[in-house]
Amino acid sequence: MTQPTLVACHDCDLLQRRPVLEAGQQARCVRCGARLGRHPYSPVDHTLAYVLGALTTFIIGNCYPVVSLESSGIMTHATLLGAVRALHADNMDAVGALVLFTGFIAPLTILLSLTYLLLPLELGRLAPGFAHLFRLFISVSPWAMVEVMMLGVVVSFVKLAHMATAISGIGLWSFGITMLLMAAMSASMDQADIWRRFEALRHGRLREARA
């Protein structure tokens, strides 16, 4: 029978036992009321679906122009990686590196690592290096800023309206969908449940090896 888990509140550090939760339930700290954890209805398969959808739209967003500018009959197409190259050409390497990391490397790392981790987990298996890669995902997550990039694109649209005709590209819509899917992914994910599945599978393998 599953026993309550001993956890520390992230807000007030009170050590307490989190009760065993049924689907849809959540536990809160007895001192400050902060959420200690929750049990979503379909924790892994919903999250995996959002991850795969976000990965698909993210790839599309990087393959097609985010915005096209038309001025004096000349059409210029801009992609995310093209913007990074333009910043490098203008000797703005620090800004270019920040855009590259927060808008491309960090989101791609998150989506690829979760696909690698959750797909075998959904099939009842453990991916090699699970714990290390999951910790990498947690470390990189705060740096993925697709929504900030989208805000920057919207501001650019407004600024360039009087200079040229700005046309939204497939990449812009793809990044917009990616942003929504990643938000849904974060909302549906229960890290505690993922760790519980990891521990259950790992201990199951240890018992098989000892047998």
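Considering only region 123-147, how many residues are within 18 Å of Ala54 (Cβ to Cβ) and exposed (fewer than 13 other Cβ atoms within 10 Å of the Cβ)? Give the derivation first.
Here is the first cut: in region 123-147, the ones within 18 Å of Ala54 (Cβ to Cβ) are 133-134, 136-138, 140-147.
In the following step, the residues that additionally are exposed (fewer than 13 other Cβ atoms within 10 Å of the Cβ) were identified as 138, 142.
Residues that pass the stated criteria total 2.
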Self-check item: Selection count, region 57-77, where residues are touching a Leu at 6+ places or on another chain (Cβ under 8 Å), of a type in the set (S, T, N, Q) and open to solvent by 50 Å² or more (accessible area, probe 1.4 Å)
Solution: 1
Quiz item: Across region 7-31, which residue is nearest to the chain's Cα centre (by Cα) among those that are at pLDDT 70 or above and open to solvent by 100 Å² or more (accessible area, probe 1.4 Å)?
Solution: His10
Quiz item: When Ala34 is evaluated against the numbered criteria (1) over 27 Å from Pro120 (Cβ atoms); (2) open to solvent by 40 Å² or more (accessible area, probe 1.4 Å); (3) modelled with pLDDT under 85, which criterion, by number, is the only one it fails?
Solution: (2)
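Out of all the residues in region 188-197, is one or more in contact with a Pro (Cβ under 9 Å, 6 or more places away or on another chain), assigned to a helix (DSSP H, G or I), at pLDDT below 85 and open to solvent by 60 Å² or more (accessible area, probe 1.4 Å)? First the steps, then the outcome.
Going residue by residue through region 188-197, those that are in contact with a Pro (Cβ under 9 Å, 6 or more places away or on another chain) are 188-190, 193-194, 197.
Add one more test, that the residue is assigned to a helix (DSSP H, G or I), and what stays is 188, 193-194, 197.
Checking which are at pLDDT below 85 leaves us with 188, 193-194, 197.
Right, trim to open to solvent by 60 Å² or more (accessible area, probe 1.4 Å) and you get 197.
Scanning region 188-197, I find at least one residue that is in contact with a Pro (Cβ under 9 Å, 6 or more places away or on another chain), assigned to a helix (DSSP H, G or I), at pLDDT below 85 and open to solvent by 60 Å² or more (accessible area, probe 1.4 Å), so the answer is yes.
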Self-check item: Which listed residue is of a type outside the set (Val, Ile, Thr) and open to solvent by less than 80 Å² (accessible area, probe 1.4 Å), from Leu80, Leu98
Solution: Leu80
Quiz item: Applying the selection to region 95-122, what residues are β-branched (Val, Ile, Thr) and closer than 17 Å to Ala54 by Cα?
Solution: Thr102, Ile105, Thr109, Ile110, Thr115
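The values are calculated or read from the model by the stated rules, or taken from the named source; none is laboratory data. Bear in mind the structure is a predicted one, so any value in this text is a computation, not a measurement. Don't worry about glycine lacking a Cβ; one is built from the backbone with ideal geometry, like all the others, and counts go over all protein chains shown. Side chains included, ligands, DNA and RNA excluded: accessible areas come from the protein's heavy atoms. Shrake-Rupley method; radii C 1.70, N 1.55, O 1.52, S 1.80 Å.
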